[in-house]
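Asker: Sending over a structure as structure tokens; questions will come in a sec.
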Amino acid sequence: MPAADPDVKRAKTNSQTRLPDLQPKEKITLLRQMMLIRRFEEKAKQAFTQAKIKGFCHLYNGQEAVAVGSISVLNEDDAVITAYRDHGHALARGVDANACMAELFGKITGTSRGKGGSMHFFDVKKHFYGGHGIVGGQIPLGTGLAFAQKYLDTGRVTLAYMGDGAINQGAVHESMNLAALWKLPIIYIIENNEYSMGTTIARSSAGDPLTKRAGAFDMAAIQANGMDIDDVRAKTFEAVSLARTESQPTLMEIKTYRYFGHSMSDPGHYRSKEEIEKRRQSDPIEIYKARLVADKIITAESYEALDAEVTAEAQAAYDFAEQSAEPEIETVFEDIFAPEDQIFEFRPEPRY
Amino acid sequence: MPTITYREALNQALSEEMERDDKVFLMGEEVAEYNGAYKVSQGLLDKFGPKRVIDSPISETGFTGLGIGAAMYGLRPVIEFMTWSFSLVAYDQIVNNAAQVRYMSGGQFSVPIVFRGSSGGGLQVGATHSHTPENWYANVPALTVITPAFPDDAKGLLKSAIRSNNPVCFLENEKLYGYKDEVPEGEHLTPIGKARVVKAGSDFTIVSNSGSVHRAMNAMKKLEEQGIHAELIDVRTIKPLDFDTIAASVSKTNRLLIVEENKPFAGWGAQVAYEVQRELFDDLDAPVHRLTSLDVPQPYNGRLEQAVLPNEERILAAVKELLA
């Protein structure tokens with residue numbers, strides 16, 4: 001567990017909204033979600049190697065507890081937005097695994113009808129606002145979601161994720177200033193997996209720890225251990241409470257690790273196999289599994305059964321994607337413009 | 001019919017649309033307490049309060065992206081760039097987010113946002129402050145690009161733009177803010193995507209926009225003294241372009257001069273020239289002529305800047321060549 005920086009302003013926890021204890025069934029659900037993400041990503045990796053997935057594919061293996069843990073403390077109608085390593089967040093938000101895999105395959109049944117791909121999962125019904133490819137570009141958008149949540153007096157909050165590489169983008173600093181200045185109900189979550197593609201934090205970022213940057217804006221900051229889902233939950237809940245009860249933003253740094261390369265195109269020469277093996281010893285799924293076994297909530301056998309379930313689910317998603325149809329060429333002209341309902345339709349047909 | 005300034009017309013549009021729909025809000029640098037750098041938002045803070053009229057820090061990327069996120073969530077933001085030259089700081093947000101989020105999400109989200117602000121040169125404010133970037137935005141699929149030249153269109157098109165469910169780049173002209181003309185009373189909406197025949201004529205067609213429309217009108221006064229009558233079309237909307245109105249005119253006059261303040265390479269007029277020669281080749285009695293700013297950064301010196309702009313002198317020379 002990283003030592004808390006004494007200079008970092010702690011989020012004030014409203015004691016009336018304590019994070020409720022989970023029922024055993026709920027704990028199993030969290031474990032299962034992480035396991036599903038793990039198996040889904042493995043299937044995606046396989047599909048990419050088979051050239052069924054093209055372009056970029058950024059896998060989440062190792063980071064499952066971050067998405068599952070933080071999203072699990074949200075209400076269904078809170079907003080989530082993230083960068084391009086978004087499969088885990090989408091699945092944690094409840095986006096259909098079949099539709100996710102189909103999107104990876106570029107099929108018409110995909111979450112974006114084949115138009116987005118791996119980096120651009122969206123699901124309006126699940127309040128999942130993407131899926132964004134430009135590093136840090138989603139952070140002003142997330143700030144806008146929170147702005148709207150406050151403007152409309154919804155009582156909702158926004159989780160806006162970014163990697164450790166994104167924090168040096170001007171967009172992030174500008175957003176943090178706006179959120180602190182205007183007291184927006186947003187939690188900025190840095191998923192610090194220590195590598196921004198091939199560049200370590202030490203080579204990219206001045207100022208340590210990263211949470212210090214919140215101090216520049218008098219913003220609350222919290223660190224969490226991303227390998228421990230309970231710590232992720234507890235710390236995210238603090239930030240969410242602050243946002244919901246006082247409409248104040250928080251900068252969270254959740255320390256995590258990715259087992260695979262930055263993307264499927266990354267040979268990973270910047271770190272050793274030994275390092276990865278060592279870090280796998282603190283696997284978030286294994287840690288939580290051990291905890292649930294110790295608490296007699298699951299057994300080794302029931303875990304295996306669960307694993308068989310999620311493996312089958314991931315396979316079913318793969319099969320669904322395989323069997324789904326490609327979009328018709330004419331669909332390139334669709335989904336560009338929202339229909340007009342207050343003025344006359346000035347773009348009835350595409351001109352070019 | 002009342003006669004008001006272009007600035008006042010924009011102010012009315014903002015006020016009316018904000019009154020009509022609670023979800024419309026205005027955000028930008030100095031829009032609230034300063035009443036707007038060009039006073040377009042004069043009095044709006046007093047009328048609507050700080051929740052609806054918001055002074056932002058100088059963070060174009062931040063507040064542009066914030067506006068887009070808010071639009072995705074269901075609000076109808078009007079984001080002001082103090083000048084469109086500053087929009088370049090937010091270019092990634094406009095191009096990659098405002099214009100593309102709907103497509104990338106397979107149609108799940110819409111972005112009912114208006115980006116507006118002043119643009120154009122001729123005020124000796126130097127190279128970084130004098131851009132006319134309508135062509136840079138028109139090249140982006142999914143963006144609507146509007147450049148009004150008259151107060152009635154400024155009002156009617158801004159109202160339409162705010163009511164559009166899609167992202168609009170609304171480029172006002174700094175030199176025209178004080179220009180006075182008639183604006184109809186009552187609810188006045190101008191259709192997006194429809195050009196305006198400012199003056200009918202039969203000798204040749206001028207297609208122009210924004211400040212250059214007025215340059216063309218001044219040149220036309222001189223031409224009329226020589227008995228030459230041009231038909232002047234103000235495109236008003238750059239994208240989607242109203243080609244039908246242009247075609248109807250050129251098929252009648254058989255000669256076309258495009259006057260635009262864009263720098264020449266891939267300015268919006270190049271698109272018009274291509275389409276006219278492509279679709280109306282047999283109707284043309286002369287090649288399409290095109291007058292733009294000179295292909296140089298905008299200088300500060302007054303005489304130099306006027307030489308760079310598509311000024312009256314160069315318009316008249318181009319007409320002479322067109323009619324030769």
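The values are calculated or read from the model by the stated rules, or taken from the named source; none is laboratory data. Given the structure is predicted, the values throughout are model-derived calculations rather than measurements. Neighbour counts are summed over all protein chains in view; Cβ atoms, including those assigned to glycine, are modelled from backbone coordinates with ideal geometry.
Asker: Would you check which residues across the range A:165-186 are facing chain B (nearest Cβ under 10 Å), in a loop (DSSP other than H, G, I, E, B) and surrounded by 24 or more Cβ atoms within 10 Å (Cβ to Cβ) and list them?
Answerer: Hit for the range A:165-186 is A:Leu184, nothing else.
Asker: Hey, among the residues in the range A:248-258 that are part of a loop (DSSP other than H, G, I, E, B) and touching a helix residue (DSSP H, G or I) at 6+ places or on another chain (Cβ under 6 Å), which one's nearest to A:Ala65 (Cα to Cα)?
Answerer: A:Thr256
Asker: Only one of A:Gly198, A:Gly163 is in contact (Cβ under 8 Å) with a residue 24 or more places away in the chain, in contact with a strand residue (DSSP E or B) (Cβ under 6 Å, 6 or more places away or on another chain) and under 27 Å from A:Gly62 (Cβ atoms); which?
Answerer: Result: A:Gly163 is the single residue among A:Gly198, A:Gly163 that is in contact (Cβ under 8 Å) with a residue 24 or more places away in the chain, in contact with a strand residue (DSSP E or B) (Cβ under 6 Å, 6 or more places away or on another chain) and under 27 Å from A:Gly62 (Cβ atoms).
Asker: For residues that are touching a residue at least 40 places away in the same chain (Cβ under 8 Å) and either of a type in the set (A, V, I, L, M) or touching a His at 6+ places or on another chain (Cβ under 6 Å) (or both), scanning just the range A:95-111, find the one that is surrounded by the fewest Cβ atoms within 10 Å (Cβ to Cβ).
Answerer: Checked the range A:95-111; the qualifying residue surrounded by the fewest Cβ atoms within 10 Å (Cβ to Cβ) is A:Ile108.
Asker: Hey, any hits in the range A:156-164 for a residue that's assigned to a loop (DSSP other than H, G, I, E, B), under 26 Å from B:Met27 (Cα atoms) and more than 9 Å from every other protein chain (Cβ to nearest Cβ)?
Answerer: Scanning the range A:156-164 turns up at least one residue that is assigned to a loop (DSSP other than H, G, I, E, B), under 26 Å from B:Met27 (Cα atoms) and more than 9 Å from every other protein chain (Cβ to nearest Cβ).
Asker: Give the residue, chosen from A:Phe40, A:Phe48, that is surrounded by fewer than 24 Cβ atoms within 10 Å (Cβ to Cβ) and away from chain B (no Cβ under 11 Å).
Answerer: Going through A:Phe40, A:Phe48 in turn, just one is surrounded by fewer than 24 Cβ atoms within 10 Å (Cβ to Cβ) and away from chain B (no Cβ under 11 Å): A:Phe48.
Asker: Residues of the range B:23-39 being in contact (Cβ under 8 Å) with a residue 24 or more places away in the chain, on the phi < 0 side of the Ramachandran plot and part of a loop (DSSP other than H, G, I, E, B), which ones?
Answerer: Correct list: B:Lys23, B:Glu29, B:Val31, B:Ala37, B:Tyr38.
Asker: Answer yes or no: is there a residue in the range B:192-200 that is in contact with a Gly (Cβ under 9 Å, 6 or more places away or on another chain), in contact (Cβ under 8 Å) with a residue 24 or more places away in the chain and not assigned by TED's automatic domain parsing to the domain that holds B:Pro167.
Answerer: Looking for residues that are in contact with a Gly (Cβ under 9 Å, 6 or more places away or on another chain), in contact (Cβ under 8 Å) with a residue 24 or more places away in the chain and not assigned by TED's automatic domain parsing to the domain that holds B:Pro167, one finds none in the range B:192-200, hence no.
Asker: Now, a different point. Which number in (1) of a type in the set (D, E, K, R); (2) surrounded by fewer than 18 Cβ atoms within 10 Å (Cβ to Cβ); (3) within 14 Å of B:His131 (Cβ to Cβ) marks the one condition that B:Arg278 misses?
Answerer: Condition (3) is where B:Arg278 drops out.
Asker: Return the residues of the range B:9-34 that are farther than 11 Å from B:Arg76 by Cα and basic (Lys, Arg); say none if nothing qualifies.
Answerer: B:Arg20 - this is the single residue of the range B:9-34 that is farther than 11 Å from B:Arg76 by Cα and basic (Lys, Arg).
Asker: Could I ask something else about it? Within the range A:115-131, can you find the residues that are under 15 Å from the mean Cα position of the chain (by Cα) and either of a type in the set (Lys, Arg) or more than 8 Å from chain B (Cβ to nearest Cβ) (or both)?
Answerer: A:Ser118, A:Met119, A:Phe121, A:Lys126, A:His127, A:Phe128
Asker: Restricting attention to strands (runs of 3 or more DSSP E) lying wholly within the range B:193-279, give those where 2 or more residues are more than 14 Å from chain A (Cβ to nearest Cβ).
Answerer: B:196-199, B:204-208, B:230-234, B:256-259
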